[in-house]
């Protein structure tokens with residue numbers, strides 16, 4: 001059932017250049033790591049898709065990069081303010097993996113803290129542009145961090161195990177080429193998050209598919 | 001009249017009833033995404049951009065084509081148990097007409113002719129010529145969806161009425177462009193796109209009003225409807241039904257909310273039901 005809940009903001013916390021927005025959970029299911037929620041951005045027409053970062057008791061938390069008017073409005077939410085929240089949506093990570101390795105880059109680490117918790121805190125490789133951005137690595141247990149120009153793909157072993165990743169497109173493309181079968185969470189602009197707008201398509205095997213329905217986690221094939 | 005007496009519909013391309021059946025069922029009829037003769041991949045992403053007063057989209061009529069639609073999609077839509085309107089597109093009058101002929105034997109409540117998609121090349125014929133070609137190939141109710149970027153929309157409405165249209169869908173999106181503030185490049189992969197959302201409402205109201213005065217055709221009004229009050233305004237301007245588009249993206253619960261607000265708003269103006277307000281705009285117009 002597609003029901004938009006109204007959830008109250010508990011707090012916002014600064015994490016390097018990012019903001020961790022904590023909402024009261026209400027009756028909303030946190031879903032599977034990698035699934036996403038459409039968050040109403042105050043003063044904007046369209047909600048913004050955000051993967052769940054953390055699911056502390058009674059709360060849902062989202063790591064947001066304030067890159068435009070919608071994300072800036074979300075980062076500026078005052079405690080007590082309510083927003084509409086639709087989700088969980090889409091397909092998350094397949095958690096039945098034997099040798100999980102989390103790989104993240106930049107704001108793409110957003111779904112990894114919740115994923116790490118659900119997988120028993122496996123090893124993680126995280127890449128960031130600057131030390132300031134890398135402050136977000138504190139959210140992910142057992143993380144090894146590299147800063148550009150070093151790339152996370154340079155830290156990969158020859159046999160990296162079951163890779164579960166989220167990050168910028170060049171990183172995901174590199175992983176797709178290097179690790180067939182890796183679970184990669186992609187990003188796209190979305191108006192609705194539930195298959196109505198056809199705005200979020202990505203090329204899957206030569207055809208445009210709606211990322212909100214087919215993803216955001218897709219299996220990479222080289 | 002509006003087939004089946006539908007009051008609230010979705011705007012074509014703004015809802016996938018197979019992915020969100022409960023949202024579709026909260027409407028009185030479901031209008032499909034535009035069906036073209038051949039399958040189409042649609043336009044390259046990015047396809048969506050929020051802008052002042054609304055949003056731009058550049059989907060480009062992505063769809064399965066009429067063959068696969070009839071075999072794979074329409075039978076599943078019928079399982080919803082609600083009236084289905086099929087939106088038809090094409091790149092010539094002949095293409096529109098042949099697609100209408102394919103639908104003539106199907107259990108569809110109406111055909112909406114998308115004569116005004118801002119994201120693909122237009123057919124060379126006029127709206128009236130396309131309607132006339134389709135009229136010759138189907139007995140289904142034909143609704144002509146017109147562009148608001150029409151110099152004399154009342155005249156176009158009269159022309160499609162003479163050509164055999166049974167109703168009007170007003171309005172499609174307006175063509176718009178938005179540039180990235182850093183790169184100065186278009187924010188959409190295809191360049192420009194269709195502008196929808198709250199900014200379209202006064203444009204839609206003027207078009208509905210002009211066409212209601214120019215013809216006797218029933219009108220499905222749409223454009224920037226976010227609230228029941230917006231829906232009531234379209235009815236007051238002359239619409240007999242209202243379609244919801246952009247509002248469905250942020251709020252899949254919009255149909256139930258808008259229906260309740262519309263009934264309350266009509267009652268507050270002394271109308272026992274919303275359609276009693278139809279065409280009751282006052283003053284010099």
With part of a loop (DSSP other than H, G, I, E, B) and either in contact with a helix residue (DSSP H, G or I) (Cβ under 7 Å, 6 or more places away or on another chain) or within 14 Å of chain B (Cβ to nearest Cβ) (or both) as the only criterion, which of A:77, A:21, A:46 stands out? A:46
Selected residue (only one of B:221, B:176 is more than 14 Å from chain A (Cβ to nearest Cβ) and on the phi < 0 side of the Ramachandran plot): B:221
Only residues in region A:56-84 that are within 22 Å of residue A:3 (Cβ to Cβ) count as the first member; pair them with residues that are part of a loop (DSSP other than H, G, I, E, B) and modelled with pLDDT under 95, Cβ under 6 angstrom, at least 6 apart or cross-chain, and list the lot. A:84/A:4
If the requirement is being under 24 Å from residue B:27 (Cα atoms) and either within 18 Å of the chain's Cα centre (by Cα) or buried (at least 24 other Cβ atoms within 10 Å of the Cβ) (or both), which of these qualifies: B:193, B:253, B:176, B:238? B:238
Here the residues within region A:31-43 that are away from every other protein chain (no Cβ under 14 Å) and in contact with a strand residue (DSSP E or B) (Cβ under 6 Å, 6 or more places away or on another chain) are A:31, A:34, A:35, A:36
Any idea which of B:239, B:264, B:254, B:206 is away from chain A (no Cβ under 14 Å), over 16 Å from residue B:53 (Cα atoms) and in contact with a helix residue (DSSP H, G or I) (Cβ under 6 Å, 6 or more places away or on another chain)? B:239
Tell me, which strands (runs of 3 or more DSSP E) lie completely within region A:115-195 with 2 or more residues that are over 28 Å from residue A:210 (Cβ atoms) and touching a strand residue (DSSP E or B) at 6+ places or on another chain (Cβ under 6 Å)? A:124-128, A:143-147
Would you pick out the residues in region B:220-252 that are touching a residue at least 40 places away in the same chain (Cβ under 8 Å) and in a loop (DSSP other than H, G, I, E, B)? B:222, B:223, B:224, B:238, B:239, B:240, B:245, B:249, B:252
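The values are calculated or read from the model by the stated rules, or taken from the named source; none is laboratory data. Given the structure is predicted, the values throughout are model-derived calculations rather than measurements. Here Cβ is always computed from backbone atoms with ideal geometry, including for glycine, and neighbour counts include all displayed protein chains.
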